[in-house]
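Participant: This is the structure I have questions about; it appears just below.
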Amino acid sequence: MTTPRILAVVGAALAAQTTAPRFLDAAANVDLPLVAVVFAGLTGGPVVGLWTGTAGGLAQDLLSGGVLGVNGLAKSLIGTWAGWMSVQFITFQAWRRAVIVGAATLANAACVVGVYALVSTPGPSAHLRGVAMQGSANASVGIVATAVARWAPVMQTRRRGRRGRARFHRRTR
Amino acid sequence: MRLVLPAVLVGHILLISTQVGIRPGTTLLESAVFGTLAGAQGLVDRAGAGIRDTVSMVVGLREAQRENEALRADYDALRMRLQEQRALTHRTTVLVGLRELRRSLRWRTVSARVIGTDATPYFRTLTVDRGASDDVQPDHAVLSPSGVVGRIVGPPSRSAAKVQLLNDRNAGAGASIERTGTTGVVAGTDEASALQMRYVSTASPVVVGDVVLTTGDDGIYPPGLLIGTVAAAEHAGGPSQTIRIAPAVDFSKLQHVLIVVPARGAEADTSLISGGSR
């Protein structure tokens, strides 16, 4: 995964995160940059996960009401962990990725709340129910993202194939 | 054969038509041709009318949209005026001196468009398109025609600022119940659609539906602004009760807000209601 692609993924996730809740209330519970970081880690490995997490987390901090660096730290760890998981285990199936996204949500929440507790700045409160709901929402988005990532190239290839066949028939007619 | 038969039939009809009149002075051919042309004319007319109707509908829709926007702006301005009138009434009823009253209403507001929500699910903030170049500074109150929205947090950039919503867990505002004058602190909860009023004495009866206003004690929000209405009251057993408040503002549907900025000398007086807004 190249740097421009990492930046594009992070930018798209942030744009969606800061826009979607205005149109859909439920979208406020989803952490799209987190999903993007986990997927970057799973597809690109620990280094890609690390950098995506750093970029995504810092950008998220800049656009939120929290302390700068908290999400950067949390997401760097999450990205690296996701990358490590992809190296150690087979994580191609959608459900496995969903489980990893769910676990990453819990870890991210623990990290963010933990850091805020350490820096004695008022931060988010951790309610297991809320975090679990967020984890489920992120995992659902993860499943959809996996399906899209898997089927988009296939559909594109099929469409190209159909176009090519049609062109061939026109020429030979 | 496929072409010959129709051609022959048409030829026959033409032949007959030249001889048979259906009305004095009118032949069947004339009638048929006229009927066909009239049909075509009718089709063209209907199509033209359809296009004309569609175009006029589109133009009408645009006009209606413009009119709607103008009316909405008027409506918002009137609601804002209503809030200010409410604030004025509140202050008058508590017999604050005229000078103090005028000072409390010396607002100059800049309107801002909401351009983004918080990038994390943990905080409730908005980003607006006004910043330091518009005199927006941290702790400036942010309002909407419906009521209090929040305050500016963090250093604003030249053209953007972050707004901490009143329903953020870390937000707070000095508040009082309009009917009784009982004071407390309104803060956000885990639920985005509810606020909590703390430190309200159990000696003061609170009724569902009571209006909650800002006190101005926090030094951020001007006094008398609408926060919401009491939805429920809980007695935890201590000396104070916790009150659940339904906010007057739907924080998830905010598109435009007003930021209260310091008045600029004399023009502040005229900017009270609409002059200062842009």
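The values are calculated or read from the model by the stated rules, or taken from the named source; none is laboratory data. Nothing here was measured: the structure is a model prediction, and the numbers come from that model. So basically every Cβ, Gly included, is an ideal-geometry build from the backbone, and we count neighbours across all protein chains shown. Note: areas computed on protein heavy atoms with side chains; ligands, DNA, RNA excluded. Shrake-Rupley method; radii C 1.70, N 1.55, O 1.52, S 1.80 Å.
Participant: Pairing the Cα long axis of helix A:32-44 with the longest principal axis of chain A, what angle in degrees results, from 0 to 90 and rounded to the nearest 10?
Facilitator: It works out to around 60 degrees.
Participant: Given a 1.4 Å probe and no ligands, DNA or RNA in the count, how much accessible surface is buried by B and A, both sides, to the nearest 100 Å²?
Facilitator: Looking at B and A, the buried total is near 1900 Å².
Participant: While we're looking at this one, here's another question. Calculate one ³J(HN,Hα) per residue across segment A:11-22 by plugging θ = phi - 60° into the Karplus curve 6.51 cos²θ - 1.76 cosθ + 1.60, and present them in order as whole Hz with x for glycine and proline.
Facilitator: Once θ is set to phi - 60°, the couplings for segment A:11-22 become x, 5, 5, 5, 4, 5, 5, 8, 10, 4, x, 6 Hz.
Participant: Let me ask something else. Over the Cα atoms of segment B:107-264, what radius of gyration and what Dmax do you get, in Å?
Facilitator: 15.5, 50
Participant: Express in % the proportion of alpha carbon pairs of chain A at distances exceeding 21 Å.
Facilitator: Numbers: 7400 of 14878 pairs.
Result: 50 percent of Cα pairs exceed 21 Å.
Participant: At a temperature of 25 °C and a viscosity of 0.890 mPa s, determine how fast segment B:167-223 diffuses translationally according to Stokes-Einstein, using the Kirkwood radius over alpha-carbon pairs as Rh; express D in µm²/s, rounded to the nearest whole number.
Facilitator: 211
Participant: Moving on to the next point. Starting from the Cα of A:R171, step 7 Å along the direction of its Cβ; do the same at B:H256; then give the gap between the two resulting points in nm.
Facilitator: According to this spin-label approximation, the distance is 5.8 nm.
Participant: Using only DSSP helix segments of four residues or longer, with each worth -39500 (n - 2.57), what per-residue ellipticity at 222 nm results for chain A after dividing by its residue count and rounding to 500?
Facilitator: Value at 222 nm, helices only: -28500 deg cm²/dmol.
Participant: Follow-up question, since we're still on this one. Taking only the C-alpha atoms, wrap a convex hull around segment B:208-260 and report its volume per residue in Å³ as a whole number. Present the calculation step by step, with values, prior to reporting the outcome.
Facilitator: Values: hull volume 5.5 nm³, N = 53.
Given the Cα convex hull of segment B:208-260, per-residue volume reads 104 Å³.
Participant: Using protein chains only (no ligands, no nucleic acids) and a 1.4 Å probe, work out which residues of segment A:50-64 have their accessible area cut by at least 40 Å² relative to the chain alone.
Facilitator: SASA drop of 40 Å² or more in segment A:50-64: A:L63, A:S64.
Participant: Among the chymotrypsin sites (Phe, Trp or Tyr not before Pro) within segment A:1-64, which fall in a DSSP loop and have no more than 15 other Cβ atoms within 10 Å of their own Cβ?
Facilitator: Numbers: sites: A:F23, A:F39, A:W51; in loops: none.
Those that pass, being in a loop and sparsely packed, number zero.
Participant: Next question, about the same structure. Hey, what do the phi angles of segment B:113-122 turn into as Karplus ³J(HN,Hα) couplings, whole Hz, using 6.51/-1.76/1.60 and θ = phi - 60°, x for Gly and Pro?
Facilitator: 9, 6, 10, x, 9, 5, 7, 10, x, 8
Participant: What is segment A:54-128's relative contact order, in percent, from Cα pairs under 8 angstrom and six or more apart in sequence?
Facilitator: Details: 56 pairs, mean separation 18.3, N = 75.
Dividing the mean separation by the residue count of segment A:54-128 yields 24 percent.
Participant: Let me ask something else. In terms of modelled amide H atoms, which long-range or inter-chain residues lie less than 5 Å from the amide H of B:R244?
Facilitator: B:M197, B:A231, B:A232, B:A233, B:E234
Participant: Taking the Cα centre of each part, how many Å lie between segment A:74-95 and segment A:1-39?
Facilitator: One Cα centre to the other: 18 Å.
Participant: Report relative contact order for chain A in percent, whole number only (criteria: Cα-Cα under 8 Å, sequence separation at least 6).
Facilitator: Details: 232 pairs, mean separation 33.0, N = 173.
Reported relative contact order: 19 percent.
Participant: Give a residue-ordered list of calculated ³J(HN,Hα) values for segment B:75-89 (Karplus: 6.51 cos²θ - 1.76 cosθ + 1.60, θ = phi - 60°; whole Hz; x for Gly, Pro).
Facilitator: 4, 4, 4, 5, 5, 4, 5, 4, 5, 5, 5, 5, 4, 4, 4
Participant: With every protein chain kept in the model, how would you rank B:L254, A:L24 by accessible area, 1.4 Å probe, largest at the top?
Facilitator: A:L24, B:L254
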